[in-house]
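A.B. asks: Quick one: this structure, given as structure tokens, is what I'll be asking you about.
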Amino acid sequence: MLIYAHRGASSDFKEGSKAAYIGAIAQGADGFECDVRLTKDKQIICYHDSDTKRLSIIDLKIAKSSYKELKRKVDPYRLDELLDLSISNKKDLVIELKHPVSTGAMIEKLVHKLLKSRAAEIKASGIQISLISFSYFATLRNLKSGYQTGYLVKNSNLIRFNPAPVIALSIEILRQNPGVVAEQHKRGKKVFIWTVNEAADLHLCSKVGVDVVITDKPEQARKLLGYS
């Protein structure tokens, strides 16, 4: 079972920051997970929220702010920078494309364009890139990228609509129905589970054969699972 760092080692560092991803490397994560949004000038940044108020004392709307302004005030990590880090350190990368957004499908278009421009380096590094979203239509668009695609689900009723080779389920779904992993494996699907921080949940994921756990605490996960 692979261990991916949720927005980096976000239990110990500011989530989504360069420090969080460097920390995840030090903590032995197999890969990174990030959320991406577009700035006003169409730069792709690693940021979960639609505004900056939760993570800073400043309140800026990501979609209405330029990258220059955001860089000066909250210093977001760009996706291309995280991709550099993933490639150079041979860490898998899961990219969650946020929706709904005012720019619609533009986020998929620009992420796919970036990945296409770096395709040779990605292939040479051997890392696995996965594109995931809660949006069904974004998932369909991501299937055209050539990279592994997953459908994010926090309502178990939506599992049957998954059009992708990966299903990314909340830990709550797994707790309620541990047999879902075997069911999805029989359908040829990989199963990613998020966000897995408790010892009991990690052991449950390992027991039922989850492919990837996404956690805020990669070092703790490795120790609890006996990986280090």
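A.B. asks: Take Leu158 and decide whether it is touching a strand residue (DSSP E or B) at 6+ places or on another chain (Cβ under 9 Å) and surrounded by fewer than 20 Cβ atoms within 10 Å (Cβ to Cβ).
C.D. replies: Working: touching a strand residue (DSSP E or B) at 6+ places or on another chain (Cβ under 9 Å): yes; surrounded by fewer than 20 Cβ atoms within 10 Å (Cβ to Cβ): yes.
Yes: the conditions hold for Leu158.
A.B. asks: Only residues in segment 71-87 that are closer than 16 Å to Ala5 by Cα and in contact (Cβ under 8 Å) with a residue 60 or more places away in the chain count as the first member; pair them with residues that are open to solvent by 20 Å² or more (accessible area, probe 1.4 Å) and assigned to a helix (DSSP H, G or I), Cβ under 9 angstrom, at least 6 apart or cross-chain, and list the lot.
C.D. replies: Tyr77/Lys18; Tyr77/Leu85; Leu82/Lys18; Leu85/Lys18; Leu85/Ile22; Leu85/Ile25
A.B. asks: So, one more: Go through segment 7-38 and give me each residue that's open to solvent by 40 Å² or more (accessible area, probe 1.4 Å), in a helix (DSSP H, G or I) and either touching a strand residue (DSSP E or B) at 6+ places or on another chain (Cβ under 8 Å) or not small (Gly, Ala, Ser) (or both).
C.D. replies: Result: Lys18, Ile22, Ile25.
A.B. asks: Looking for whichever is open to solvent by less than 50 Å² (accessible area, probe 1.4 Å), in a strand (DSSP E or B) and under 17 Å from Gln148 (Cα atoms) here; the options are Leu93, Leu115, Leu83. Which one fits? Walk me through how you get there before you give the answer.
C.D. replies: Working: Leu115 fails: in a strand (DSSP E or B); Leu83 fails: in a strand (DSSP E or B).
Sole residue among the options that is open to solvent by less than 50 Å² (accessible area, probe 1.4 Å), in a strand (DSSP E or B) and under 17 Å from Gln148 (Cα atoms): Leu93.
A.B. asks: Now for a different question. Considering only residues that are touching a Leu at 6+ places or on another chain (Cβ under 8 Å), assigned to a loop (DSSP other than H, G, I, E, B) and either aliphatic (A, V, I, L, M) or under 13 Å from His112 (Cβ atoms) (or both), which ones fall in segment 123-145?
C.D. replies: Answer for segment 123-145, where residues must be touching a Leu at 6+ places or on another chain (Cβ under 8 Å), assigned to a loop (DSSP other than H, G, I, E, B) and either aliphatic (A, V, I, L, M) or under 13 Å from His112 (Cβ atoms) (or both): Ile127, Ser145.
A.B. asks: Still on this structure, please answer the following. Here are the criteria: (1) under 19 Å from Glu33 (Cα atoms); (2) open to solvent by 10 Å² or more (accessible area, probe 1.4 Å). Tell me which single one Gly226 does not satisfy.
C.D. replies: (1)
A.B. asks: Which one is nearest to Arg118 (Cα to Cα) among residues in segment 146-201 that are of a type in the set (Phe, Trp, Tyr) and without any contact (Cβ under 8 Å) to a residue 60 or more places away in the chain?
C.D. replies: Here is the first cut: in segment 146-201, the residues of a type in the set (Phe, Trp, Tyr) are 147, 151, 161, 192, 194.
In the following step, the residues that additionally are without any contact (Cβ under 8 Å) to a residue 60 or more places away in the chain were identified as 147, 151, 161.
On the way: Tyr147: 12, Tyr151: 24, Phe161: 31 Å.
Across segment 146-201, the extreme among qualifying residues is Tyr147.
A.B. asks: Condition first: within 16 Å of the chain's Cα centre (by Cα) and open to solvent by less than 50 Å² (accessible area, probe 1.4 Å). Now tell me which residues in segment 39-75 satisfy that.
C.D. replies: Within segment 39-75, Ile44, Ile45, Cys46, Tyr47, Asp49 meet the criteria.
A.B. asks: While we're here: Only one residue in Lys217, Lys189 is more than 22 Å from Ala20 (Cα to Cα), open to solvent by 10 Å² or more (accessible area, probe 1.4 Å) and either out of contact with any Leu (no Cβ under 6 Å at 6 or more places or on another chain) or of a type outside the set (Asp, Glu) (or both), so which one is that? Give the derivation first.
C.D. replies: Working: Lys217 fails: more than 22 Å from Ala20 (Cα to Cα).
Just one listed residue meets the conditions, Lys189.
The values are calculated or read from the model by the stated rules, or taken from the named source; none is laboratory data. Not measured: the values here are computed from a predicted model. Backbone-built Cβ (ideal geometry, glycine too); neighbour counts: all protein chains shown. Just so you know, the surface numbers come from the protein's heavy atoms only, side chains and all, with ligands and any DNA or RNA stripped out. Shrake-Rupley method; radii C 1.70, N 1.55, O 1.52, S 1.80 Å.
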